[in-house]
1. Just to confirm my numbers, what's the Cα centroid distance between segment 115-154 and segment 252-306 in Å?
2. Based on the mean of other Cβ atoms within 10 Å per residue, sort peptides 89-99, 171-181 so the most packed one is first.
3. Given N residues in segment 129-199, what is its alpha carbon radius of gyration divided by 2.2 N^0.38 Å?
4. Based on the mean of other beta carbon atoms within 10 Å per residue, what is the order of 236-244, 195-203, most packed first?
5. Could you sort 31-43, 109-121 so that the peptide with the highest average Cβ count within 10 Å comes first and the rest follow in order?
6. Over the chain, what is the relative contact order in whole percent, taking alpha-carbon pairs under 8 Å and six or more residues apart?
7. If you line up the Cα atoms of the chain on their principal axes, what length do they span on each, largest first, in Å?
8. Considering amide H positions built from the backbone, and no H for Pro or chain starts, which residues 5 or more places from Val193, or on another chain, come under 5 Å of its amide H?
Amino acid sequence: MGSAVTSNTLIALPGDEALAESLAGGLDAAIAALEYRRFPDGESYLRIHDSLQETTAVLVARLDRPDPKIPALLFAADLARDLGASAVGLAAPYLPYMRQDIRFQPGEALTSASFARWVSRHFDWLVTVDPHLHRYAGLNEIYSVPAVAVSAAPALAEWIFTNVEKPVIIGPDVESSQWVEAVAARHGLPWRVMHKQRFGDREVRIAVPDLSALEGHTPVLLDDIVSSGATLARAAEALSDAGMASPVCAVVHGLFSESCRETLKAVGVRRLVCTDSVQAPEAGIVLAPLLTPAIERMSDCAAGRR
Ligand code: R5P
């Protein structure tokens, strides 16, 4: 790869303008406004008034609840290329469809791979944060363009260290141990990992490891995603059964499906925080400082390849 440096122009999907502004500050990048509306028949209208000649266009998109956003995303990528962008990248702090990474039942759609093919066809590179890599070893198993997964662990660790007294980091399932170990290691905190079995979208059972040495600690349940809240709720109940204090919950991606917050309140979760990969009142952990260096690197590498 060469060492060419390119100028970047950020283009936000509707609703993500503030995120694009904060990324542009860290990148010294321009912003191009995307005009987006729907025709009376529901089809999309898109227009970009600014020139994109000689620039890398970076689409900035929070892709939680993705289905209404996907056509606009793909149309905008094509439009940026039509308008002369020399490369088109995607900065999507939450990467959707990664949980459909296996056919759990015969005949099910492997939507993680389909979505990856769509993105790889329309974009030259991808930057995201902690994608749900449980059965894939890396994004390159399904994405055919360069794809970087930024870790939110430093930001989560900082928030926990600053806001929680005497924390012990606890993962609700084996898969969460990658975040648990990384966060705990940054400040030398104790950690444990529980064992989870899932029986349906909202039904999970959790087994607790030995917590006897952790009296007086504040449990921090740490996971990559909260969706229905079932995982964190059952984990909080298991902690209470084991005599621990009510937990703080810290997650990377707060998807908050319907009744999630009520579910967590009902089991006495004392505080809930997530990153701003998704817009939510609980999104107290800002990702921009972690995203900008990755975007800059991908953009420069893509320019070097041309
Ligand atoms: C599962 O593998 C993930 O890491 C999360 O534990 C899960 O997605 C959380 O979902 P829910 O809040 O619906 O239990």
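1. Computed from Cα coordinates, the inter-centre distance equals 15 Å.
2. Order by mean packing, descending: 89-99, 171-181.
3. Taking N as the residue count of segment 129-199, the ratio is 1.27.
4. Most protected by this proxy first, the peptides run 236-244, 195-203.
5. Numbers: 31-43: 11.8, 109-121: 16.6.
Ranked from most to least packed, the peptides come out as 109-121, 31-43.
6. 17
7. 62, 42, 33
8. Result for Val193 returns Gly171.
No lab work stands behind these numbers, since they all come straight from the coordinates. A quick note: this is a predicted structure, and the numbers were derived from the prediction, not measured. Positions of Cβ are generated from backbone atoms using ideal geometry, with glycine treated the same way; all protein chains shown enter the neighbour counts.
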